[in-house]
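**Q** The structure under discussion is supplied below as structure tokens; questions concerning it will follow.
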Amino acid sequence: MKEIIIIALVIIASLNTKAQNQTIGKVVEVVKDGSELPIPGANVYWEGTTIGAATKGDGNFSIVEPIAFPATIVVSFVGYQHYTQLIEANTQLKIYLTPSLELKEVKVKGKVNTTKFSTVNSINMQTLSTGELEKAACCNLSESFSTNATVDVNFTDAVSGAKKIQMLGLDGAYTQITQENMPLIRGISSAYGLSYVPGTWIESIQIIKGSGSVVNGFESFAGQINLEYYKPESAPKLFWNGYTNSEGKLENNLLFAKKSGAWKSNLFTHVSYFDKEVDHNKDNFMDMPKVTQVNVLNRWEYKDKNYHIGFTARALTEDREGGTVKKRVDNNPYSVNIQNDLLEFTSKIGVIQPNSPGKSAGLQTSFRRHNQTAIFGENNYKGLQESAYFNLIRQTYIGSTNHKLKYGTSYYADRYTESFSGHIDTDFTDNVRVDLMPGVFSEYSYKWGESFNLTAGMRADYYNHSEEINYLPRLNMKYNPTEKMAIRFSAGKAFRIANVFVENASFLASNRKISVGNLKPEIAWNYGANITYCFYLFGREGTINADAYRTDFENQIVVDIENQNELSFYNLEGDSYATSMQLDFAYELFDRFDVKMAYKINDVKSTYSGDGETKETPLTPKDRALLNLAYATNFDKWIFDVTANNIGESRIPEHKDIAKKYSESFYLYNTQITKKFRKFDVYLGAENLLGYTQDNPIIDSENPTSSSSAFDASLIYAPINGRMIYAGFRFKIK
């Protein structure tokens, strides 16, 4: 602990370092002979800020970076048309200005890729824009990846309606999920948190594979999913979205933006309601639970030349009710009731000194109180999470902007109060666990011309229960052999504390006897390589992206369901690893017709103590293929989208009522048609178009409450709901 304190004091004492991140670029005009003429004296500034610069005699400029990315850069000069572009961090720019002309009214049409692979960033990152999210109903975050092959989304069980993600072959608990680079889904929100973020609130999603930045925390095993909410300056002044589906679910999203004044703000509201007992497969269990959710988030932002201040406050309540159909089962019904109440407050404070270029610092804070009750028959879980998070970040450079440095200190404090009764072999009543994680970090970035980037970081985090300091190195490198190709390599170590009941809530929907060992933190190494190639063929743009990643666990909490009567949690004794390889291809086949294809292979194995054998992780598909076809008419008046997924076979744990050891591969087809008006969109779509469902998703559904029953609703590897038709509208006042 002394080492942590000493390092933290050194970091805080050095906050007067005189440096700051810069975005650099050049402003030119292309003249008739094809040569480039530099434009000196052009104005360059960040939209919505007072941060600006002027180009030099050779057209080059260097401008202080804003606190948050993506940000819009604006370039203007007398006699030329204004130029604006939304960019990410660490982007070098070459900006072409066009001379102004006296024109009559013109209509301009352009095309922006809705999924972007970066060839500039040293980290392997793809960005999903609003256009990509609007290709599907995207009711919440768990449904935001239906047209993306990197993140797999599956149902967790046949009674709660919850969904889970998998990335690089690993459960979603091993992916760090953040909101604007602050914690979003961790702890008690792990089970149902994906449904707590309505898709209409999201402006973009960044998916980072492999080892990410040490600045964002210690929990990233497979990668990071970071979502950005709409900002006041980029959001519509009013946005209204309504949704309904063939089962009778209703959703209403109403968003407001205050764009004027020193303090700007957004108000996000969401209500979803479903109150029908649907049982298409006639097993006397509801195919989906009744759900009522009310979700409100308000954000405020203040910006001037010295400060960027942001606050958010959020409140959510959700009730899920499932189990046996009441009108059919009178004796010994099986009840599922899940209640969640969440309060959260976050802040971001950035300090900029424009008169002293080179200085910047930021403080992120988050406070959360999450109360959950989850009843699955006789299994009754109650949990309360009270959390605080602080992250102090300093940005500077050494000598020039080719040598950037970020460093700071973070603090995680979590108090869990949990009780569990039911099929468990130990007394687990009002168990209180306090996790304290102070840490320090430093990250160095080197840039050599346009072709090479290196980012090397180190975290040191002290965990109060193990009384040990965990050192977590991370490295990301990128090389551009040509301007169209990027080759990346990454390696890093991650650390996390598991919350086994909420992270594996799906297995509570069974009569398995539960045993919990003396669990240690999970630790793993992740390393991988990536190649991104952008090309032009017949004058049209395309992208090829290929990568391979490997995760090796030093310790893992093994979730053992190999015995049909038992659910065991214990520390790994042996090997556990996940290897994932993926190939993506995207190309505009003809005007406004985009084709996107992907194929992924997973090899995921772990050692189980029952027989000491290393087996494939159950319910994890071995491979997956995706084909997405998207077409839009002129000016996007009509948009058509079709997605086909092939989900490969996965191992099924041994069970006397399941004869097969592997599931069959199957296809899922989704489609949507959107008609756009000036301020109004209407859309009609279908999910699981062919109606493929898993046979017998609930084992022994006739006797769920019998102590001798093999009842199990958690062995889910395919859809449990058939074809679903949906419709909705979007109304925007920009």
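The values are calculated or read from the model by the stated rules, or taken from the named source; none is laboratory data. Worth saying up front: this structure is predicted, and the values here are computed from it rather than measured. As a convention, Cβ positions derive from the backbone with ideal geometry for all residues, glycine included, and neighbour counts pool all protein chains shown.
**Q** Name the residues in region 508-528 that are touching a Ser or Thr at 6+ places or on another chain (Cβ under 6 Å), over 21 Å from Gly169 (Cβ atoms) and assigned to a strand (DSSP E or B), would you?
**A** Ser510, Ser515
**Q** Taking Glu219 and the conditions (1) in a strand (DSSP E or B); (2) of a type in the set (Asp, Glu); (3) within 30 Å of Pro438 (Cβ to Cβ), which numbered condition does it fall short on, given that it satisfies the others?
**A** So Glu219 meets the others, but not (1).
**Q** Could you pull out the residue among Lys478, Lys493 that is over 30 Å from Asn565 (Cα atoms), in a strand (DSSP E or B) and over 22 Å from the mean Cα position of the chain (by Cα)? Steps first, answer last, please.
**A** Values: Lys493 fails: over 22 Å from the mean Cα position of the chain (by Cα).
Every option except Lys478 fails the conditions.
**Q** What tally of residues in region 369-400 results from selecting those that are in a strand (DSSP E or B) and closer than 30 Å to Val336 by Cα? Talk me through it step by step, then tell me what you get.
**A** Narrowing region 369-400 to residues in a strand (DSSP E or B): 369-376, 379-398, 400.
Filter once more, so that each one left must be closer than 30 Å to Val336 by Cα: 369-376, 379-387.
So the answer is 17.
**Q** Which one is surrounded by the fewest Cβ atoms within 10 Å (Cβ to Cβ), of the residues in region 237-251 that are among the charged types (D, E, K, R) and under 14 Å from Ser272 (Cα atoms)? Steps first, please.
**A** Kept after step one, since they are among the charged types (D, E, K, R), are these residues of region 237-251: 237, 247, 249, 251.
Narrowing the set further to residues that are under 14 Å from Ser272 (Cα atoms) leaves 247, 249, 251.
On the way: Glu247: 16, Lys249: 20, Glu251: 23.
Going through the qualifying residues, I end up with Glu247.
**Q** Among Tyr463, Tyr397, Tyr412, Tyr471, which is the only one that is closer than 29 Å to Asn518 by Cβ and either within 24 Å of the chain's Cα centre (by Cα) or touching a residue at least 60 places away in the same chain (Cβ under 8 Å) (or both)?
**A** On the way: Tyr463 fails: either within 24 Å of the chain's Cα centre (by Cα) or touching a residue at least 60 places away in the same chain (Cβ under 8 Å) (or both); Tyr397 fails: closer than 29 Å to Asn518 by Cβ; Tyr471 fails: either within 24 Å of the chain's Cα centre (by Cα) or touching a residue at least 60 places away in the same chain (Cβ under 8 Å) (or both).
Within the list Tyr463, Tyr397, Tyr412, Tyr471, the selection yields Tyr412.
**Q** Considering Asn181, Asn154, which residue is in the same structural domain as Ile698 (by TED's automatic domain parsing) and more than 20 Å from Ile338 (Cα to Cα)? Before the answer, list the steps.
**A** Details: Asn154 fails: more than 20 Å from Ile338 (Cα to Cα).
Testing whether each residue is in the same structural domain as Ile698 (by TED's automatic domain parsing) and more than 20 Å from Ile338 (Cα to Cα) leaves just Asn181.
**Q** Another question, if that's okay. Of all residues in region 334-349, which are in contact (Cβ under 8 Å) with a residue 40 or more places away in the chain, of a type outside the set (Ser, Thr, Tyr) and either outside any strand (DSSP E or B) or buried (at least 19 other Cβ atoms within 10 Å of the Cβ) (or both)?
**A** Residues of region 334-349 that are in contact (Cβ under 8 Å) with a residue 40 or more places away in the chain, as a first pass: 334-336, 338, 340, 342, 346, 348-349.
Still in the list and also of a type outside the set (Ser, Thr, Tyr): 336, 338, 340, 342, 348-349.
If the condition is that a residue be in contact (Cβ under 8 Å) with a residue 40 or more places away in the chain, of a type outside the set (Ser, Thr, Tyr) and either outside any strand (DSSP E or B) or buried (at least 19 other Cβ atoms within 10 Å of the Cβ) (or both), then Val336, Ile338, Asn340, Leu342, Lys348 are the ones that fit.
**Q** Could you go through region 97-115 and let me know if any residue there is at pLDDT below 80, buried (at least 16 other Cβ atoms within 10 Å of the Cβ) and more than 21 Å from Ile39 (Cβ to Cβ). Spell out how you get there, then give the answer.
**A** Within region 97-115, the subset at pLDDT below 80 is 100-114.
Checking which are buried (at least 16 other Cβ atoms within 10 Å of the Cβ) leaves us with 113-114.
Now narrow it down to the ones that are more than 21 Å from Ile39 (Cβ to Cβ): 113-114.
Checked region 97-115: at least one residue is at pLDDT below 80, buried (at least 16 other Cβ atoms within 10 Å of the Cβ) and more than 21 Å from Ile39 (Cβ to Cβ).
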